[in-house]
Amino acid sequence: MTVKAAARRLTISVFTLLASIVDLIVAVVRLLTRAAVLGAEALEKRQIRTIKLLPAKKAFPVETVVEPVVEPAEDRPDTKARLSTALVGLGFRQAAVRQYVSSVEGRVARGEPIEMLIKDGLRALVCVRAS
């Protein structure tokens, strides 16, 4: 056997060994993943069985109305300034933004969320820009 043939066989053997090691690592990862899935399923079945064994509590019909929490106007940062900054930052002209903000001062005073004001402002200012 020549040196060239021996070197070729050695190279092939090394690459085959590396491929086998990679296959082994992949198989171990698959095994660990499958074990984790089976463990999670067993834990879930155990929790469901525990829940079924607990006595059922009687439910009383309760009608509750949850009022949205609105911060008082004096506790909030300047909503009009934030609204103006947001709309100007989106690329609308300052004059049109000022006009929109002045038209919604009542809604700002009532404490309407700034997200709603921005959405309505986008609708109003896009219509102004289009016309």
For the range 79-130, diffusion coefficient by Stokes-Einstein and Kirkwood Rh (Cα), 10 °C, 1.306 mPa s, µm²/s: 149 µm²/s
With 10 Å bins from 0: P(r) over the range 1-55, alpha-carbon pairs, percent: 21, 20, 17, 15, 12, 8, 5, 2, 0
According to a simple spin-label model (label point 7 Å from Cα along Cα-to-Cβ), what is the distance in nm between LEU10 and VAL88? 7.5 nm
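Laboratory data are not the source of any read-out in this text; all were calculated from the coordinates shown. All values reported here derive from a predicted model rather than from experimental measurement. We place every Cβ from the backbone using ideal geometry, glycine too, and count neighbours over all the protein chains shown.
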